[in-house]
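Reviewing the structure listed below.
The values are calculated or read from the model by the stated rules, or taken from the named source; none is laboratory data. On a predicted model such as this, the values are computed, not experimentally measured, just so you know. Note: ideal-geometry Cβ built from the backbone for every residue, glycine included; neighbour counts use all protein chains shown.
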Amino acid sequence: MGIRDQLHPIQRGNRVMLPAACYSLTSNEKKEFCKFLKEVKVPDGYASNISRCVQVNERKIFGLKSHDCHVLMQQLLPLAIRGVLHKNVCAVIVELCSFFKQLCSKVLMTDQLEHLENDIIVTLCKLERIFPPSFFDVMVHLPIHLASEAKIAGPVQYRWMFPIERYLRTLKSYVRNKSRPEGSIAEGYIAEECTTFCSRYLHDVETKHDREERNYVIENNITNGGGLTIFKCMGRTTGKSTSRVLSTEEWSQAHLYVLTTCEEVTSFIEEHKQSIRVKPRIRARDVDLFHRREFISWFEERIIQMRHEGPISEHILSLSRGPSTSVTCYRGYIINGFRFHIREREKGKKTQNSGVVVTAEVSSFASARDKNPIPGHVSYYGVLTDVIELHYLGGNRVILFKCDWWDVINSGRGMKKDEYGFTCLNFEHTICTDEPFVLASQVKQVFYFQNSNEENWHTVVDIQTRGVYDMNQKVSTNDPEPYQQLITLHSQRDVHELIENDLINWDRNDIAGETIQTDVLLSQQKNIVEIDNEFIHDDDIDDV
């Protein structure tokens with residue numbers, strides 16, 4: 001075709017050398033890619049154990065299920081190729097993966113699909129600049145029509161093949177006599193229908209149609225809270241419980257956080273802060289400092305004073321007295337559809353359920369003399385180290401998560417965004433904070449991937465629960481649902497600018513090309529000619 005002279009075969013005697021293309025990988029790079037997939041850990045129910053399908057030394061990936069390919073294409077591949085491929089090649093692949101991630105999200109907007117229709121054309125043009133023409137068969141050009149199809153037919157989860165494949169696997173399980181598979185499937189289907197029909201008339205019996213989801217949540221399982229929202233616990237514990245005694249510092253931190261997050265204590269918090277502001281020589285930025293030091297004792301004294309003045313709720317009194325120093329600890333907790341495990345429990349496991357994220361409102365000061373702080377929201381990422389159940393008077397209890405928090409304040413040192421839009425955290429830097437506790441109901445789940453080219457840096461990925469859609473209500477179903485993102489983590493447009501004006505080097509000089517013997521090529525061409533000569537055309541056959 002007379003294009004890409006750098007990739008043309010080079011004749012060297014009786015040998016032909018094929019230069020390595022820009023998308024080629026060395027043996028070490030292939031091993032790094034396979035090592036990333038081998039060591040990857042995802043949350044419970046996110047995907048199957050992909051590491052069993054990877055052979056690092058042989059640099060092979062095999063036996064992936066269709067949903068594994070779905071997760072690999074949309075989530076793992078963009079993370080695995082960073083630092084392995086050249087920036088221009090990597091950016092285009094990340095862009096293509098982002099297209100499929102947005103297309104397969106649970107929530108689709110019309111304007112978003114219109115952008116996808118335009119962006120995928122540019123993405124395929126960029127691919128044509130990198131990969132050879134033989135790569136572009138009909139399947140590669142198919143994404144051109146996928147966004148238009150989604151505008152007509154709706155979200156992908158109502159049209160893809162995962163439910164069909166699962167049901168075909170169920171039918172295959174009915175086969176007992178391999179010489180008569182059709183009869184076995186028919187008999188198994190009839191037996192299944194009969195048991196299903198009978199189960200509808202059984203009460204107080206768990207069947208596949210009315211059983212709870214794996215991560216079901218017990219709501220308001222403590223009803224003696226007397227209206228205090230902090231005592232109305234949600235979720236359920238997992239694993240064996242243990243008991244321990246909190247230190248004085250831990251007790252103060254846990255008790256102060258419970259008071260701060262209790263809605264019924266908000267008026268007392270404002271009253272205490274106002275009493276601090278009226279004191280002489282108190283700067284605005286020091287109000288919170290004095291508040292944290294004095295509020296526990298002040299609140300207890302204030303409740304005792306109110307009790308002498310008149311009747312007061314026993315639950316408010318119980319809250320002011322503080323929890324017992326003896327607490328119950330658990331190794332796991334299920335809430336908001338997430339299954340959390342403490343970090344110690346993950347040792348030796350192939351899953352990762354200890355990553356947490358909390359969005360908190362913080363106040364920022366422009367300078368030391370600034371008297372008007374600016375409120376804002378910051379997402380704090382961390383890892384779960386302990387699940388603690390606090391015990392209050394009257395049988396009330398509160399579930400807290402104790403976490404180690406990564407440094408997200410110092411940009412570039414503890415947290416950064418790479419050139420592809422991914423959020424990266426440095427696990428060597430944690431926040432020295434006196435707030436290690438959060439309510440279990442405030443936490444969402446994330447998981448981390450270690451960067452292949454940076455030892456201490458990890459990429460964070462947010463996840464959403466199954467059966468939750470953007471319509472302020474939960475859609476419950478007993479059907480097994482494959483994992484699917486509710487929203488995308490970064491936009492496809494984030495990586496457009498990476499290769500707009502860059503010149504692409506078609507070959508790689510650091511990789512030795514493939515050498516082929518000339519006689520091998522001649523023998524292959526001879527076989528092709530013989531096959532072509534033996535081809536029979538319909539026009540040469542006489543009509544009978």
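Worth a mention:
- Considering residues of the range 144-194 that are among the hydroxyl-bearing types (Ser, Thr, Tyr) and over 38 Å from the mean Cα position of the chain (by Cα) only, the residue nearest to HIS209 (Cα to Cα): SER184
- Across the range 97-145, the qualifying residues are those that are within 24 Å of GLN464 (Cβ to Cβ) and of a type in the set (Ser, Thr, Tyr), and the one among them that is surrounded by the most Cβ atoms within 10 Å (Cβ to Cβ) is SER98.
- PHE422 meets each of the listed conditions (1) in contact with a helix residue (DSSP H, G or I) (Cβ under 8 Å, 6 or more places away or on another chain); (2) over 30 Å from HIS86 (Cβ atoms) apart from (2).
- Looking only at the range 13-39, and only at residues there that are free of Cβ contacts under 8 Å to residues at least 60 places away in the same chain and among the charged types (D, E, K, R), the one that is farthest from GLY513 (Cα to Cα): LYS38
- Those residues of the range 90-114 which are in a helix (DSSP H, G or I), in contact (Cβ under 8 Å) with a residue 60 or more places away in the chain and either within 15 Å of LYS151 (Cα to Cα) or of a type in the set (Asp, Glu) (or both), in sequence order: GLU95, PHE99, GLN102
- Hey, ILE316 surrounded by 14 or more Cβ atoms within 10 Å (Cβ to Cβ), under 40 Å from the mean Cα position of the chain (by Cα) and under 18 Å from ILE388 (Cα atoms) or not: no
- Screening ILE230 on (1) at pLDDT 85 or above; (2) over 30 Å from LEU390 (Cα atoms); (3) of a type in the set (A, V, I, L, M) shows it passes everything except condition (2).
- Identity of the residue in the range 227-245, part of a loop (DSSP other than H, G, I, E, B) and among the basic types (Lys, Arg), that ends up surrounded by the most Cβ atoms within 10 Å (Cβ to Cβ): LYS232
- Filter result for the condition that a residue is of a type outside the set (Ser, Thr, Tyr) and either within 30 Å of PHE99 (Cα to Cα) or in the same structural domain as ASP119 (by TED's automatic domain parsing) (or both), over PRO163, PRO181: PRO163
- So VAL84, is it assigned to a loop (DSSP other than H, G, I, E, B), on the phi < 0 side of the Ramachandran plot and in contact (Cβ under 8 Å) with a residue 40 or more places away in the chain: yes
- Selection count where residues are in contact (Cβ under 8 Å) with a residue 60 or more places away in the chain and either part of a helix (DSSP H, G or I) or touching a Phe, Trp or Tyr at 6+ places or on another chain (Cβ under 6 Å) (or both), scope the range 344-361: 7
- Residue match in the range 379-394 (condition: in contact with a helix residue (DSSP H, G or I) (Cβ under 9 Å, 6 or more places away or on another chain) and at pLDDT below 90): yes
- Within the range 247-269, residues that are in the same structural domain as ALA440 (by TED's automatic domain parsing) sit with their Cβ atoms under 9 Å from residues that are in a helix (DSSP H, G or I) and basic (Lys, Arg), at 6+ positions apart or across chains, in these pairs: LEU256/ARG292; THR260/ARG292; PHE268/ARG302.
- Single residue of ARG307, ARG236, ARG281 found to be within 30 Å of ARG339 (Cβ to Cβ) and assigned by TED's automatic domain parsing to the domain that holds VAL362: ARG236
- Check on VAL278, surrounded by 17 or more Cβ atoms within 10 Å (Cβ to Cβ), out of contact with any strand residue (DSSP E or B) (no Cβ under 8 Å at 6 or more places or on another chain) and not acidic (Asp, Glu): no
- Condition met for SER184 (among the polar types (S, T, N, Q), modelled with pLDDT of 85 or more and loosely packed, with under 11 Cβ neighbours inside 10 Å): no
- Matching residues, the range 252-310, being within 16 Å of PRO323 (Cα to Cα) and among the hydroxyl-bearing types (Ser, Thr, Tyr): SER252, TYR257, THR260, THR261, SER297
- Taken over the range 149-177, the criterion of being hydroxyl-bearing (Ser, Thr, Tyr) and surrounded by 14 or more Cβ atoms within 10 Å (Cβ to Cβ) is satisfied by TYR174 alone.
- Residue within the range 424-442 that is β-branched (Val, Ile, Thr), surrounded by 18 or more Cβ atoms within 10 Å (Cβ to Cβ) and modelled with pLDDT of 90 or more present: yes
- Residues in the range 54-67 that are modelled with pLDDT of 90 or more and either of a type in the set (Phe, Trp, Tyr) or assigned to a helix (DSSP H, G or I) (or both): PHE62 alone.
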